[in-house]
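Here the structure is laid out as structure tokens; the discussion comes afterwards.
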Amino acid sequence: MRESPLFRRYGAIPLLSRGAIPPGPVGKPANWARTLPRLWRYLAEYRVRLGAILCSVVLLAALVLLAPYLLGVAIDALLVEPPQGSPLRLIALLAGVYLAQLAVSMAQSHAMIGIAQRAVMAIRRDVFTRLHALPMAYYATRHAGEIASRLTNDLDNLGQTLSQAVLRIGTSLVVFVGMLGLMVWLNPVLAGVSLIVVPMMFVGARWVGARTPLLFKRQQADVGALVGFLDETLSAQLASKAFGREEAAIAAFEGYNGRLRVSAYWAQTYSGFVSKLMYICDNLSFSLILVIGGVLALHGQVSIGVIVTFGEYARQFSRQLNQVSTQINTVLAAVAGAERAFELLDEDTEPDGTLGLDTVRGDIRFEGVGFAYGQGATVLDDVDLHIPAGTTLALIGPTGAGKSTVVQLLSRFHDVSAGRILVDGHDLRDLRRADLRRQMGFVLQEPLLFNASVRDNVRYARVEASDAEVERACRLANAHAFIEKLPQGYDTLLRHEGGDISQGQRQLLTIARAILADPRILILDEATSSIDSLTEAHIQEALAHLMRGRTCLVIAHRLHTIRHAEQILVLDRGRVVERGCHETLIADGGLYARLYGQSPAAPT
């Protein structure tokens, strides 16, 4: 096998063999038997309109076949002595046929585009809904950009194929069969001459069809990888500039871009081979018809009009085969994209409980809880703890001790591997996730804001809250003063995840959001770790309002902020090594005392 020097930079590409597929993971080609029935379920509700479109396909094919036949009849009529019929009338008749073709084609295209876009909208809605039911572990191993590519690029390609390629294939097949019948009826000898090139077309189409499915799937996978890289890189511009990684990012982009160029090159090269083969076959067939038709005409076995009709049919004949072959490649790419979208629908969702709770007191127990991510190392081992309703538990420990895992298990972002977690005496796995999380509020280390107004960002916790309730929450969170100074106050649009206000101000808005949610269980995950001391005082005052009367789990980097917690739990390597109040743990002189001495703002 030969290699392409043009693309050696991104990997050797063997040519002209059945295995001539660019290197890299591409997965299996589109599974027609599984994908097409699933696609039909989205189209089935439009079966009446699809039936009408099918009838229009037959009508359009009849009009396409009629024009060359009328042309031949007109020529024969005008060549006899005396000429029969008026040339103007024949021209008007042909013009009417062509205008009818245009009208039917536009009507069926309009109808099919509407059906295709509705079907794609339904698929996209179902996939997006499914994404919200997938466990957090799924997102830990996927690029957001790659997932977005499946909902956008792949499904857009599917919509275009359904609205265009399917109609073209259907019309071409009907025209091909009808044309074959008419050619045999008009002159079997010339029909046989026209069919000489069919084996060549078939072999070429089969050769391409054996290669294009993998190529198109590889191309779409490379598009998804590039989109994922762009999403990650563009969202990390601050880090990229701060660490001088621009050149490295450009070099990595060149790799992704180059791989996409390779896969797109080969997908389009192989798929474009058919049109070139059809062009050769078209000219060969037309030449044979003219030569042999001329001989037959000299012997009076065929009329000039029939030769002209056959010449037009010969061009149409290869054109229809070319249309089918070309559009089949488009369909292959679209089915591969649909399969990638349906793969998301096949992902296992989070298991959910059946017990619903309108409210909880907030009494929490961990009994022998163990956890490991997949087949990885154990993160928590035999953890026992009790948080009475309305009290505060602080989780302390070195990086990687398992503090955040405790919070994630309580929130059911993951389920325990061993033991159980109880809320008000109910096993967490028996509770409906939505009911549980409705009772929980979160203030995280990195404030999460949206491209929306200040008011809508706070109201995200409870969309039915009034403007007065939003303002009250912001006052309690010490956020009202700075909001009033913004250009449009509460209606100021925050862009770039709140990047146009300070880190402390963003955190105050998330505290206001949690106050508005009025949860019974509150999670504070290092909410002040990246805040200056002056801003921290405002945040601590806001948190005091928020924590009052609620069950709170606090993960703190600055240990002086949790001195007054009723209970402090010290974790190390996934196990509980100390527990007690601040004074007791300091007196014990263990890990907590050492961490407290190293903590920012701790007394020296």
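Would you mind calculating the relative contact order of the stretch 308-444 from Cα pairs under 8 angstrom and at least 6 residues apart, reporting the percent as a whole number? Write out the running numbers ahead of the final one.
Values: 143 pairs, mean separation 38.4, N = 137.
Normalised by residue count, the contact order of the stretch 308-444 is 28 percent.
Checking the a/c ratio against 1.5 first, then a/b against b/c, what shape does the Cα gyration tensor give for the stretch 100-172?
Numbers: a/c = 4.66, a/b = 3.05, b/c = 1.53.
Prolate, since a/c reaches 1.5 and a/b exceeds b/c.
Whole number in Å², please: accessible area per residue of the stretch 392-464, 1.4 Å probe, ligands, DNA and RNA not counted.
Numbers: 3060 Å² over 73 residues.
Normalised by residue count, the accessible surface of the stretch 392-464 is 42 Å².
Which ³J(HN,Hα) values, rounded to whole Hz and listed in residue order, are derived for the stretch 443-454 from phi using the Karplus coefficients 6.51, -1.76 and 1.60 in 6.51 cos²θ - 1.76 cosθ + 1.60 with θ = phi - 60°, glycine and proline given as x?
After applying 6.51 cos²θ - 1.76 cosθ + 1.60, I find 10, 9, 4, 9, x, 10, 10, 10, 6, 7, 5, 4 Hz.
Rounded, prolate or oblate, given the Cα gyration tensor of the stretch 348-435, with a/c below 1.5 counting as rounded? Before the final figure, lay out each step's value.
Details: a/c = 2.02, a/b = 1.19, b/c = 1.69.
Taking the square roots of the gyration eigenvalues as a ≥ b ≥ c, the stretch 348-435 is oblate.
Accessible surface of residue 343 in the full protein assembly, 1.4 angstrom probe, to the nearest 10 Å²?
About 70 Å², ignoring ligands and nucleic acids.
Ranking request for peptides 227-233, 510-516, 330-336, 405-411: highest mean number of other beta-carbon atoms within 10 Å first, then the rest in descending order. Provide the component values of the computation, followed by the final result.
Working: 227-233: 17.7, 510-516: 26.1, 330-336: 24.4, 405-411: 21.0.
Descending packing order for the listed peptides: 510-516, 330-336, 405-411, 227-233.
Expressed as a rounded percentage, what relative contact order does the stretch 360-419 have, with Cα pairs under 8 Å and six or more residues apart? Walk me through the numbers before you get to the answer.
Details: 79 pairs, mean separation 23.2, N = 60.
Worked out over the stretch 360-419, it gives 39 percent.
Going by accessible area, probe 1.4 Å, with all protein chains left in place, what is the ranking of 440, 547, largest first? Before the final figure, lay out each step's value.
Values: 440 10, 547 50 Å².
Per-residue accessible area, sorted high to low, gives 547, 440.
Please state the relative contact order of the stretch 406-516 as a whole percent: Cα pairs under 8 Å, 6+ residues apart?
Details: 117 pairs, mean separation 36.5, N = 111.
RCO, the stretch 406-516: 33 percent.
At a 1.4 Å probe radius, which order do 560, 414 fall into by accessible area, largest first? Spell out each step's value before the answer.
Working: 560 55, 414 30 Å².
Listed by decreasing accessible area, they come as 560, 414.
Just the accessible area for residue 382, please: 1.4 Å probe, Å², rounded to the nearest 10?
Taking all protein chains as shown, residue 382 has close to 80 Å².
With a 1.4 Å probe and all protein chains kept in place, how much accessible area does residue 99 have, in Å² rounded to the nearest 10?
Surface open to solvent at residue 99 totals about 120 Å².
Averaged per residue, what accessible surface does the stretch 30-157 expose to a 1.4 Å probe, in Å²?
On the way: 7380 Å² over 128 residues.
Value for the stretch 30-157: 58 Å² per residue.
As a test of reading the structure, rank 482, 442, 310 by solvent-accessible area (1.4 Å probe, protein chains only), most first.
442, 482, 310
The values are calculated or read from the model by the stated rules, or taken from the named source; none is laboratory data. What you see is a predicted model, and the numbers here were worked out from it, not measured in a lab. Cβ atoms come from the backbone with ideal geometry, glycine included; neighbour counts cover every protein chain shown. In case anyone asks, the SASA skips ligands and DNA or RNA and just uses the protein heavy atoms, side chains included. Shrake-Rupley method; radii C 1.70, N 1.55, O 1.52, S 1.80 Å.
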